[in-house]
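These notes concern the structure reproduced below.
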Amino acid sequence: SGIGTVTENLSRYGDNLIRDIPASFPSFIKDATDFLVDMKIEIPNNCLLVTLDVVSLYTNIPHSDGISAVASAYDNSPCDKPIDSFALRTFLNLILELKNFEFDGVNYVQVSGTSIGTRIEPNANIFMGLLESRFLDTQNLKPLYYKRYIDDIFMIWQHSETELLTFIEAFNLAHSSISLSHFYSRRSVSFLDVTVTASEGRLQTKLYRKPTD
């Protein structure tokens, strides 16, 4: 856990610097309520409703890639910049690299991802925002609708099922550390706390509860 460590206050400060950047991505969803407001759209018949989930996002982002993504987004952001990106890179390097811990008499160093309790979590959100933007720019066939809540993605796909699977396969190759699980249906999928159902060109929603609830 990163709670109570020497980098905790630095992580809190870094979080304040970059916390507004994720909302600048077109795919950004703040929460389930934001999703419900945004998705009031009409769709063609026979579209596929698709959900994608990034497998273990927080622990699979290489430190160098995460730091580069945040620094790039910070440089291009209109937000206030009390420090420059070189200083931000230094902060992130300290926060992510100084993760020594002892277990059963053996010393370990975390070499990938963020530790539990680290406040600098927009690092993962920004990394995914840049990754998906670059990937979507390379695709001839794009989703009709694409939104993401951190590591959960909802899409409306107006092309064929075969073309969808090709799209997902290509997305899985966009970064060596990122893997996506997927589910799709022409009728109904669950995303966040919402079950989305397609009927006659319209989307209907109801509350979704996981079986463990």
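Remarks
Matching residues to (1) in contact with a Cys (Cβ under 8 Å, 6 or more places away or on another chain); (2) polar (S, T, N, Q); (3) touching a residue at least 24 places away in the same chain (Cβ under 8 Å):
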position: Ser1; (1), (2), (3): no, yes, yes
position: Lys40; (1), (2), (3): no, no, yes
position: Asn60; (1), (2), (3): no, yes, yes
position: His63; (1), (2), (3): no, no, yes
position: Ala87; (1), (2), (3): no, no, no
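- Qualifying residue in the stretch 147-168 (condition: open to solvent by less than 40 Å² (accessible area, probe 1.4 Å) and in contact with a Cys (Cβ under 9 Å, 6 or more places away or on another chain)): yes
- Selection within the stretch 96-121: residues that are of a type outside the set (Asp, Glu), assigned to a loop (DSSP other than H, G, I, E, B) and loosely packed, with under 13 Cβ neighbours inside 10 Å. The member of this set that is modelled with the lowest pLDDT is Ile116.
Okay, residues lined up against (1) touching a helix residue (DSSP H, G or I) at 6+ places or on another chain (Cβ under 8 Å); (2) of a type in the set (Val, Ile, Thr); (3) within 30 Å of Glu169 (Cα to Cα):
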{"site": "Gly2", "(1), (2), (3)": "yes, no, no"}
{"site": "Phe28", "(1), (2), (3)": "yes, no, yes"}
{"site": "Phe35", "(1), (2), (3)": "no, no, yes"}
{"site": "Cys47", "(1), (2), (3)": "no, no, yes"}
{"site": "Val50", "(1), (2), (3)": "yes, yes, yes"}
{"site": "Asp53", "(1), (2), (3)": "no, no, yes"}
{"site": "Asn60", "(1), (2), (3)": "no, no, yes"}
{"site": "Val70", "(1), (2), (3)": "yes, yes, yes"}
{"site": "Ser77", "(1), (2), (3)": "yes, no, no"}
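- Meets criteria (crowded, with 19+ Cβ neighbours inside 10 Å and on the phi < 0 side of the Ramachandran plot) for Pro22: yes
- Residue that is modelled with the highest pLDDT [pool: residues in the stretch 32-66 that are open to solvent by less than 60 Å² (accessible area, probe 1.4 Å) and in a loop (DSSP other than H, G, I, E, B)]: Cys47
- Scanning the stretch 6-18 for residues that are open to solvent by 80 Å² or more (accessible area, probe 1.4 Å) and either polar (S, T, N, Q) or part of a loop (DSSP other than H, G, I, E, B) (or both) returns Val6, Asn9, Asn16.
- The condition (being in a loop (DSSP other than H, G, I, E, B) and either of a type in the set (Phe, Trp, Tyr) or open to solvent by less than 80 Å² (accessible area, probe 1.4 Å) (or both)) is satisfied by just one residue among Ile3, Ile83: Ile83.
- Considering (1) touching a strand residue (DSSP E or B) at 6+ places or on another chain (Cβ under 8 Å); (2) open to solvent by 40 Å² or more (accessible area, probe 1.4 Å); (3) of a type in the set (S, T, N, Q), the lone condition that Thr197 does not fulfil carries the number (2).
- Summed over the stretch 164-200, the residues that are modelled with pLDDT of 95 or more and among the acidic types (Asp, Glu) give a count of 1.
- As a summary of the residue check, Arg148 satisfies the conditions (1) in contact with a Phe, Trp or Tyr (Cβ under 9 Å, 6 or more places away or on another chain); (2) without any contact (Cβ under 8 Å) to a residue 24 or more places away in the chain except for the one numbered (2).
- Options Ser177, Ser133, Ser181: the member that is assigned to a helix (DSSP H, G or I), under 24 Å from Thr59 (Cβ atoms), touching a residue at least 24 places away in the same chain (Cβ under 8 Å) and open to solvent by 30 Å² or more (accessible area, probe 1.4 Å): Ser133
- The number of residues in the stretch 200-209 that are in a loop (DSSP other than H, G, I, E, B), touching an Asp or Glu at 6+ places or on another chain (Cβ under 9 Å) and open to solvent by 100 Å² or more (accessible area, probe 1.4 Å) comes to 1.
The values are calculated or read from the model by the stated rules, or taken from the named source; none is laboratory data. What you see is a predicted model, and the numbers here were worked out from it, not measured in a lab. Methodologically, a virtual Cβ is constructed for each residue, glycine included, from the backbone with ideal geometry; neighbour enumeration extends over all protein chains shown. Keep in mind that these areas ignore ligands, DNA and RNA; they rest on the heavy atoms of the full protein, side chains included. Shrake-Rupley method; radii C 1.70, N 1.55, O 1.52, S 1.80 Å.
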